[in-house]
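Read the structure below first, then the notes.
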Amino acid sequence: MYLNLDFYQLSNNVENLLLDRNHSTGEYALDGFGNVRDNIIQSNDVANFIDGDDGDDTIEGAAGNDILYGGVGNDSFLYRDLDLHFSFDRRNFGIDKIEDFDETEDTILLDQNLFLNENGFFISNISSELKIVNNINQAMNSNAVIVYNQNNGVLYYNANGSAPGFASNSRGDGAFIILDSAPSITNANFDLVDPLVNPIRDLCPEI
């Protein structure tokens, strides 16, 4: 279901929600809420508030600094390139805040076509590319591709390996997720996905 209202909650017999924009006024939908089903909810290019409610939901923040709630259930938060640019650009994601990430249930899905290592290669095993650190300095000097600061819940994409800082280019590498309350996540909370080989269920066929 496409929506360009400011606020919408899925009715009980509808599973999927795409926040669109009103093409006559240019105004974007802002807030979307799931239901008791296993919903797929996709945000748009502005800052949205998304709440999956019950069920095992898949939530995609897309662009904009979004506030995301999975709600009850085993929820997944998806970060992929809808336009198939094959390069990470934080402008396509913003910095999302996931308010209720549960390390015992929830998962972050990363498009392996985007989160490349310093040599520009796909990563195939998140366990070897995830580093847990305690501060921003350790994050900036880590050689891991995905770096998590367990003190403040910030998750970083580090495209330049152990070189100081994050890659300085138009992609805006660095923080792209904030996990509220800084849960103790591990590699078990991540999955690498390749939509080109194993397409993820989409909200609508044309996406």
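The values are calculated or read from the model by the stated rules, or taken from the named source; none is laboratory data. Remember, it's a predicted structure, so these values are computed and weren't measured experimentally. Quick reminder, even Gly has a Cβ in these numbers, built from the backbone with ideal geometry, and neighbours come from all protein chains shown. Just so you know, the surface numbers come from the protein's heavy atoms only, side chains and all, with ligands and any DNA or RNA stripped out. Shrake-Rupley method; radii C 1.70, N 1.55, O 1.52, S 1.80 Å.
Structure above, values below:
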quantity	calculated
Glu15 accessible area, 1.4 Å probe, all protein chains in place, Å² to nearest 10	80
Simple spin-label estimate for Asn160 and Asp194 in nanometres, 7 Å along Cα-Cβ	2.9
Relative packing of peptides 37-48, 100-111 - highest average C-beta neighbours within 10 Å first	37-48, 100-111
Rounded to the nearest 10 Å², the accessible area of Asp31 at probe 1.4 Å	50
Ranked packing of 180-191, 116-127, most packed first, by mean Cβ within 10 Å	180-191, 116-127
